Amino acid sequence: MGLVLTEDQQMLKSSASDFVRNESPVSRVRHLRDSDDPVGYSPELWAKMAALGWPAILIPEDCGGLGMGYVEMACVLEECGRALVPEPLLSTVLLGANAILLGGSSEQKKTLLPPVAEGSRTMALAWQEKGARYDRTVSAARAEKSGSGWRLRGEKTLVLDGASADHIVVIARTAGADSDREGLSMFVVDRGAPGLSVVPQKTMHLRAAAVVRLSDVEVPVSALVGEQGNAAALLDDVLDRATVGLCAEMLGNMRTTFEMTLDYLKTRKQFGVVIGTFQALKHRAAKVFVELELSRSAVLGAATAIDQGAKDSRALVSVAKARCSDAAVLCGYEGIQMHGGIGMTDEHDIGLYVKRMRGNEMTFGDAAWHRDRFAAMQGF
Amino acid sequence: MGDIETFRQETRAWLEANCPASMRFGANAGGGNLADELAWGGRKETYANPETKLWLDRMASRGWTAPTWPKPYGGGGLSREEAKVLAEEMRRIRAKPPLIGFGLTMIGPLLLQSGNEEQKLRFLPEICRGEVRWCQGYSEPGAGSDLAGLQTRGVRDGDTWTINGQKVWTSYADKADWMFVLVRTEFEKPKHEGITFMLIDMDQPGVTVKPIKLISGYSPFCETFLEDARVDHENIVGGIGNGWTMAKALLGHERSMISEAFNESEERNELVAAARRYVGQENGGRIRDGALRDRISQLTMDKTCLELTLKRTKEAAKLGQQPGPESSIFKYYATELNKERTSLLVGILGPQALGWDGEGFEGAEIDATRSWLRARGNSIEGGTSEVQLNIIAKRVLGLPD
Ligand SMILES: Cc1cc2nc3c(=O)[nH]c(=O)nc-3n(C[C@H](O)[C@H](O)[C@H](O)COP(=O)(O)OP(=O)(O)OC[C@H]3O[C@@H](n4cnc5c(N)ncnc54)[C@H](O)[C@@H]3O)c2cc1C
Ligand SMILES: Cc1cc2nc3c(=O)[nH]c(=O)nc-3n(C[C@H](O)[C@H](O)[C@H](O)COP(=O)(O)OP(=O)(O)OC[C@H]3O[C@@H](n4cnc5c(N)ncnc54)[C@H](O)[C@@H]3O)c2cc1C
């Protein structure tokens with residue numbers, strides 16, 4: 001069981017769908033872009049989402065959460081993906097809070113997770129460095145023992161919702177060379193920490209991101225998340241889970257793009273008929289649909305595997321990300337092509353989706369990267 | 001819970017004791033068309049290997065050639081859960097299926113669904129015992145994708161019908177005892193309405209069969225000529241003029257059979273094993289050629305996605321949800337995937353895939369080559385990929401004609 005939604009899950013999904021439809025038109029993302037908003041989302045809407053319990057979904061009940069699973073999270077994120085909803089679920093819950101949830105001490109969980117669950121604090125995960133492509137182990141950023149704690153130095157890039165986060169979990173090296181798998185550690189840094197600077201980045205795919213610079217940021221011993229020097233596996237686990245969430249968003253991205261395209265095929269007339277009568281377009285639309293259905297199965301498969309702690313869950317995460325990456329790009333490209341000239345205009349929403357999908361494709365590893373990881377896991 | 005565990009233990013013990021060694025995959029290393037090593041049943045079957053027949057009889061005696069069919073019809077009367085256990089236990093010892101063919105996968109399910117009691121009692125038990133082999137007489141020279149354009153005519157005279165026409169691409173008609181066939185019985189009606197679904201005894205004067213060889217060299221399909229062939233009225237399924245409904249239902253069984261067939265592919269890592277052997281591996285077992293590794297990884301993932309989608313559909317069906325649009329994608333996707341898989345395998349073998357017979361080539365190599373050629377037909381038989389895409393575009397996406 002698990003690949004078909006239960007009644008409760010369906011209810012959660014349809015309420016998320018209603019919420020997104022009523023509260024979050026795509027025009028909001030466009031407006032945030034055009035107004036150069038540094039936060040990149042609406043704190044008021046985030047509070048409403050928190051009231052619905054969304055940031056609490058994955059957080060255990062003893063930390064103030066709802067203790068639900070990835071299938072539930074995916075239900076909500078898919079609906080968010082339908083309208084490119086910019087609120088920081090992925091960054092706060094699936095990246096930042098997950099690092100604490102999966103690797104933190106009980107003290108860290110108790111102090112950090114309840115405010116996340118209730119929506120009063122946001123988090124981010126600073127793990128990527130410029131030029132590392134998808135390599136998760138590269139960290140030139142370092143942490144050294146200093147007096148009563150640690151001193152962090154270095155630079156992270158593309159930190160999702162980094163500019164607005166209250167706490168940033170940072171990967172820094174405590175031993176080894178820049179790209180060693182061993183020697184990575186995780187620290188949680190508060191936003192006001194002296195020496196921490198956060199500079200918003202403008203991204204093609206309209207996700208709020210930031211460069212995080214650490215110039216001798218001092219943190220206490222209690223800021224270390226998990227074991228010193230052993231954060232690589234923890235980071236993989238966190239990124240895997242975030243990947244499933246991202247895939248769910250991509251599913252939503254695809255659905256809306258595809259609906260838009262189908263709609264266009266049914267209304268746009270050329271040669272005296274609607275263009276949806278042309279088999280050259282029909283067959284391509286059918287193929288995109290097939291990709292969408294396969295993507296849905298892959299996302300549910302991965303989410304279920306994580307919820308059940310299945311031993312092939314990592315492989316299934318790669319299956320999902322590879323599939324969704326390829327499918328989303330196809331769906332976007334075909335969408336633009338079938339829209340003809342209008343699809344190339346900024347005014348039309350399809351371009352926003354295409355950019356978002358391509359950006360998501362290049363987040364947490366693209367299809368080829370995941371195929372290679374999958375092959376390695378399967379021993380070939 | 002306890003019951004099913006007992007069932008598993010008993011099944012395991014029985015299979016262990018009753019499945020002959022040669023009826024387990026891997027026992028004989030390639031060298032022939034796998035389909036020809038399995039039992040198709042029927043009066044013309046010769047059973048080159050006597051254990052094939054033994055295995056069939058033993059399984060049939062328990063109704064396990066058709067595990068979920070009701071016992072009175074020759075089946076095993078197993079619940080879905082028990083059938084799953086049986087399948088798992090068979091897979092565990094890599095048992096070959098005791099019987100394959102269109103009786104079990106196509107006409108049987110249709111009769112269960114739409115046949116009358118007499119038809120069920122008459123035909124189903126002999127299907128389960130492998131006594132009668134069936135073939136499918138749908139396609140005609142002028143009616144392939146446009147199946148409803150068929151011209152074979154049936155005229156009634158009291159309790160019998162006289163049939164005239166020609167069928168084509170009738171797989172294994174030369175080995176079959178009975179054929180299910182679509183016949184035009186009402187000539188003035190719109191083309192989908194005047195069709196009737198009939199069961200024809202092939203062993204009669206008016207039926208002639210001429211084999212046609214496939215590009216793979218294997219499994220001839222045939223031209224089937226019907227000249228004043230006779231069909232008893234009682235062998236009409238679903239009533240006069242309801243043939244198109246029957247045809248579509250049966251095509252549903254056929255398409256799911258075709259897509260499931262690839263899902264059962266028993267050597268999951270066949271591509272990996274071949275790549276390691278023919279292309280080489282690095283220390284640690286990684287395939288030496290990165291581009292090839294990527295292709296294999298992609299196909300393996302594709303297959304996983306297909307399996308998950310099949311599983312999703314089955315779960316939904318179990319919960320009583322209508323089969324969703326996912327189901328229409330299987331025939332298309334599974335067959336395209338199988339074409340890719342067999343093609344990649346041949347590519348991995350390289351020059352060793354050039355063999356057709358005999359000297360210098362292993363049986364498995366020749367199998368790979370012929371399977372690749374046979375697979376070209378996967379996206380044609382049972383409705384072409386283009387036709388599947390038309391169906392998706394029209395029925396699922398609502399795109400206009
Ligand atoms: C960047 C850019 C610059 C341009 N510059 C100019 C310019 O300077 N001057 C100018 O006059 N025009 C210009 N154009 C317009 C361009 O020529 C048209 O966009 C193009 O001819 C397609 O027409 P359409 O946009 O109306 O799409 P449509 O004709 O509406 O087509 C929509 C979709 O339907 C498909 N389709 C249509 N008919 C069929 C059919 N019979 N069979 C199968 N598929 C079909 C199309 O291939 C497309 O995928 C420009 C377009 C772009 C994108
Ligand atoms: C290996 C094999 C076994 C078979 N076994 C049997 C059997 O046992 N019994 C039986 O009755 N039949 C059998 N068939 C026949 C099979 O069902 C037909 O071949 C199939 O339905 C296609 O018909 P056709 O060959 O006449 O091709 P056509 O219908 O002539 O098609 C030719 C090409 O045109 C395309 N095309 C046709 N119509 C459209 C359309 N509307 N839109 C877009 N493209 C279109 C097709 O996709 C195909 O690519 C078998 C076929 C094969 C290959």
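Annotation note: Cβ proximity below 6 Å between a residue of segment B:366-389 that is in contact (Cβ under 8 Å) with a residue 12 or more places away in the chain and a residue that is within 16 Å of ligand 1 (Cβ to nearest atom) (sequence gap 6+ or interchain) occurs for B:389/A:283; B:389/A:286. May I ask you to verify whether residue B:215 is touching a residue at least 60 places away in the same chain (Cβ under 8 Å), loosely packed, with under 15 Cβ neighbours inside 10 Å, within 25 Å of the chain's Cα centre (by Cα) and within 30 Å of residue B:23 (Cα to Cα)? It is true that residue B:215 is touching a residue at least 60 places away in the same chain (Cβ under 8 Å), loosely packed, with under 15 Cβ neighbours inside 10 Å, within 25 Å of the chain's Cα centre (by Cα) and within 30 Å of residue B:23 (Cα to Cα). Applying the criterion of being within 16 Å of ligand 2 (Cβ to nearest atom) and part of a loop (DSSP other than H, G, I, E, B) to the residues of segment B:341-384, the residue that is farthest from the other protein chains (Cβ to nearest Cβ) is B:381. Please go through segment A:166-215 and pick out each residue that is among the small types (Gly, Ala, Ser), open to solvent by 20 Å² or more (accessible area, probe 1.4 Å) and within 17 Å of the chain's Cα centre (by Cα). Selection gives A:208 alone. Note on segment A:130-151: residues that are over 10 Å from residue A:184 (Cβ atoms) and open to solvent by 20 Å² or more (accessible area, probe 1.4 Å) total 12.
Note on segment A:259-279: residues that are assigned to a helix (DSSP H, G or I) and more than 8 Å from every other protein chain (Cβ to nearest Cβ) amount to 7. Evaluated against (1) more than 14 Å from chain B (Cβ to nearest Cβ); (2) open to solvent by less than 50 Å² (accessible area, probe 1.4 Å); (3) in contact with a helix residue (DSSP H, G or I) (Cβ under 8 Å, 6 or more places away or on another chain); (4) not hydroxyl-bearing (Ser, Thr, Tyr), residue A:359 falls short on exactly one condition, (3). If you check B:185, B:245, B:196, B:208 for being over 27 Å from the mean Cα position of the chain (by Cα) and β-branched (Val, Ile, Thr), only one passes: B:185. Of the residues making up segment A:289-325, just one is under 14 Å from residue A:370 (Cα atoms), of a type in the set (D, E, K, R) and facing another protein chain (nearest Cβ under 7 Å), namely A:323.
When segment B:129-161 is filtered for residues that are open to solvent by 30 Å² or more (accessible area, probe 1.4 Å) and away from ligand 2 (no atom under 16 Å from the Cβ), the ones remaining, listed by number, are B:129, B:131, B:153, B:155, B:156, B:157, B:158, B:159, B:160. When residue A:330 is tested against (1) within 16 Å of ligand 1 (Cβ to nearest atom); (2) open to solvent by less than 10 Å² (accessible area, probe 1.4 Å); (3) within 14 Å of chain B (Cβ to nearest Cβ), exactly one condition is not met: (2). Residues in segment A:1-36 that are free of Cβ contacts under 8 Å to residues at least 40 places away in the same chain and within 22 Å of residue A:124 (Cβ to Cβ) were compared, and the one that is most open to solvent (accessible area, probe 1.4 Å) is A:36.
Just one of the numbered conditions (1) more than 13 Å from ligand 1 (Cβ to nearest atom); (2) surrounded by fewer than 21 Cβ atoms within 10 Å (Cβ to Cβ); (3) in contact (Cβ under 8 Å) with a residue 40 or more places away in the chain is not true of residue A:309: (3). Residues that are more than 7 Å from chain A (Cβ to nearest Cβ) and within 18 Å of residue A:303 (Cα to Cα) were ranked within segment B:307-318; the one that is most open to solvent (accessible area, probe 1.4 Å) is B:307. Inspection of segment B:281-290 finds no residue satisfying the criterion of being more than 16 Å from ligand 2 (Cβ to nearest atom), among the polar types (S, T, N, Q) and either in contact (Cβ under 8 Å) with a residue 12 or more places away in the chain or buried (at least 20 other Cβ atoms within 10 Å of the Cβ) (or both). Looking only at residues in segment A:235-290 that are within 16 Å of ligand 1 (Cβ to nearest atom), crowded, with 19+ Cβ neighbours inside 10 Å and of a type in the set (Ser, Thr, Tyr), the one that is nearest to residue A:86 (Cα to Cα) is A:257. Only a single item in (1) away from ligand 2 (no atom under 13 Å from the Cβ); (2) assigned to a loop (DSSP other than H, G, I, E, B); (3) away from chain A (no Cβ under 14 Å) is not met by residue B:398, and it is number (3). Restricting attention to segment B:196-232, the residues that are more than 11 Å from ligand 2 (Cβ to nearest atom) and either outside any strand (DSSP E or B) or within 14 Å of chain A (Cβ to nearest Cβ) (or both) add up to 7.
The values are calculated or read from the model by the stated rules, or taken from the named source; none is laboratory data. The shown structure was predicted, so the numbers you read here are calculated from the model rather than taken from an experiment. Note: ideal-geometry Cβ built from the backbone for every residue, glycine included; neighbour counts use all protein chains shown. Just so you know, the surface numbers come from the protein's heavy atoms only, side chains and all, with ligands and any DNA or RNA stripped out. Shrake-Rupley method; radii C 1.70, N 1.55, O 1.52, S 1.80 Å.
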